[in-house]
Each structure stands twice: as structure tokens, then as C-alpha cells.
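K.L.:
Here you go, one structure.
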Amino acid sequence: MTAAPTSEPLAAAISMHDAIVAQRARTQAERRIAEPIVAALTDARLNRLMLPAQLNGWALPAVELLRVLEALARADASTAWVIWNNTLPCLYSRKLSPESRTELFADQHWMYANSTRPSGTAAIADSGYRVSGRWSLVSGCELAEWAMLMCLVEADGDLQLVAPGTPEMRLVFVNRREFEVVDTWHVGGLSGTGSHDVVVADRMIETARTVSPMDSSNLDEPIGYVPIVSTLAAGLSAQLLGIAQLAVDTVVDIGRTKT
């Protein structure tokens with residue numbers, strides 16, 4: 001009976017297990033993924049699991065994505081969480097123009113962060129939007145070259161509505177030079193995710209770096225049509241399976257030696 005084939009990203013995630021475990025204390029103490037692990041993740045392009053091949057991505061089938069996340073979580077929950085968060089900007093990039101996708105995903109070593117809480121505003125301007133706000137729990141923001149942030153759209157100080165009682169929302173891609181990280185992440189669990197607050201203060205963001213959650217995909221290949229919300233929810237479940245397996249492994253190890 002032959003073994004099931006293993007994808008290259010999954011093989012990479014499995015091969016990193018011991019290195020991630022060895023750096024786990026540093027990741028927790030520094031409240032961000034340890035630099036050697038970030039380098040290994042980006043060298044293997046595990047920050048680009050849900051990008052198309054022309055952007056040096058893996059365009060993984062959803063089930064294979066879940067296997068990678070489970071393997072990473074078995075080594076360290078914070079590492080898996082940050083990679084999971086990287087998948088959301090990658091999936092939403094299907095709504096950008098090809099030129100904007102190329103700009104925002106030009107370097108395979110770039111990491112991404114996001115917040116889908118509409119705790120900022122995007123005021124309509126001549127060439128785009130003036131963006132201001134503060135977003136909490138932006139996992140991996142210190143590592144990110146770009147942060148994708150949800151905003152409420154305004155015009156002349158008034159919220160814009162897409163239907164009665166329903167405000168218009170827009171996701172904006174903000175470069176690390178355009179946002180400030182506020183050190184707020186002091187927690188007992190998942191401290192390595194570095195889920196600090198992010199502040200943007202009246203930055204002009206061109207329309208090409210923004211999308212509506214309601215926009216259609218313009219990436220006409222399978223990765224352009226993977227369901228976003230259900231895939232991310234399943235990714236969370238995959239991480240919980242990896243953590244549960246780590247707990248079982250730990251109990252077994254203790255059982256061998258504890259008297």
C-alpha cells in the first residue's frame with residue numbers, strides 16, 4: 001500500500017516542526033514569530049498558500065491548506081495563526097486589478113496582516129480615499145509589509161449606505177510605512193501572534209489599493225473562486241485539530257516518564 005502523496009507546502013510545514021518547537025519560547029517571549037521561523041516560512045512561500053502561481057503562490061486546494069495549518073499548529077499555535085491570517089489578504093486579492101495584485105504581492109518574503117472590523121473610515125477623495133482609524137487584534141502586524149483593513153466609507157462627513165441601515169464598507173491595503181503599530185498585545189495565550197493595534201492617521205490610499213467585499217473576482221482560475229469565509233472558518237478548525245494533537249503528544253510524553 002503506497003503512502004498518500006504530500007504536497008510541497010505540507011512537506012515544508014512538517015519539516016519545520018522541530019525548528020518551530022525550538023524557537024517556541026523565543027516566539028512567546030518576543031510576542032512575534034521568531035525571525036528564523038519567519039525566514040523559513042517565507043522561503044517556503046507558506047505566506048502565499050492562496051495566491052495564484054503567476055504571483056509565486058501555491059494556489060492550494062482548500063483541503064491541502066487545512067493540512068498545512070494543522071501541521072503548523074501541531075508545532076506552535078501562534079505560527080499557524082499568523083500564516084492563517086496571511087491567507088485572507090491573499091484570497092481578497094482576487095478583487096484587485098492584475099496590476100495592483102502584482103504591486104502588493106511583488107516580493108515572496110512579504111507578510112500580510114488584516115482586520116475585518118470596520119473600525120476605520122475611508123473618506124472619498126479625488127483619487128481614492130483618505131483613511132483614518134484604529135484597528136485591534138491585527139495579528140502579525142509587526143511582520144507585515146501590507147495590512148488589509150476594513151473601513152466605513154464616508155462622503156462629506158456622512159456615512160455612505162448601500163441599503164437603508166447598511167453602511168458601505170471597503171477594504172484598504174495599507175503599506176507598513178502608512179500605519180503605526182501600538183503595543184497592546186500582553187496576553188497568556190497566542191502571545192506569539194503579535195496581535196497589536198494598528199493606527200492609520202489621515203493617509204491617502206488610491207482606489208486601486210481598495211476593494212469592496214461585494215466585488216466579483218477577476219482572477220479566472222480555481223483559486224479565484226475558493227469560498228473565502230468558509231475556507232477561513234475551516235482553517236481555524238484545522239488549527240484546533242493540530243493543537244489537540246499536540247496536547248495528546250504531550251500527555252503521551254509525560255506518561256512515559258512521570259511517576
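The values are calculated or read from the model by the stated rules, or taken from the named source; none is laboratory data. Keep in mind it's a predicted model, so treat the numbers as computed, not measured. Don't worry about glycine lacking a Cβ; one is built from the backbone with ideal geometry, like all the others, and counts go over all protein chains shown. Quick note on the areas: whole protein, heavy atoms, side chains included, nothing else; ligands and nucleic acids left out. Shrake-Rupley method; radii C 1.70, N 1.55, O 1.52, S 1.80 Å.
K.L.:
Given a cut-off of under 8 Å on Cα pairs at least six residues apart, what relative contact order in percent is computed for the stretch 135-259?
P.N.:
The value is 23 percent.
K.L.:
How much space per residue, in cubic angstrom, does the convex hull of the C-alpha atoms of the stretch 1-106 take up?
P.N.:
Each residue corresponds to 104 Å³ of Cα convex hull volume.
K.L.:
Count the net charge of all other residues whose Cβ sits under 10 Å from the Cβ of D215, scoring Lys and Arg as +1 and Asp and Glu as -1. Display every interim value, and only then the final one.
P.N.:
Numbers: positive: R94, K95, R170; negative: none.
Net of charged neighbours comes to +3.
K.L.:
Can you give me the distance in nm between label points at T116 and A233, each placed 7 Å from the Cα along the Cα-to-Cβ direction?
P.N.:
Once both label points are built, they end up 1.0 nm from each other.
K.L.:
If you don't mind, another one. Please give the per residue accessible area of the chain, computed with a probe of 1.4 Å over protein heavy atoms only, in Å².
P.N.:
That works out to 47 Å² per residue.
K.L.:
Let me ask something else about it. So, with a 1.4 angstrom probe, what is the percent of accessible area on the chain that is carbon and sulfur?
P.N.:
57 percent
K.L.:
Which order do the peptides 156-164, 227-235, 23-31 take when ranked by the mean count of other beta-carbon atoms within 10 Å per residue, highest first?
P.N.:
Averaged packing, sorted descending, gives the order 23-31, 227-235, 156-164.
K.L.:
Which of the peptides 172-181, 131-140, 13-22 is most tightly packed, and how do the rest follow, judged by the mean count of other Cβ atoms within 10 Å per residue?
P.N.:
131-140, 172-181, 13-22
K.L.:
Follow-up. So how far, in whole Å, is the C-alpha centre of the stretch 154-169 from the one of the stretch 70-110?
P.N.:
The two parts, judged by their Cα centres, are 29 Å apart.
K.L.:
Provide the solvent-accessible area of E103, counting protein heavy atoms only and rolling a 1.4 Å probe, rounded to the nearest 10 Å².
P.N.:
90 Å²
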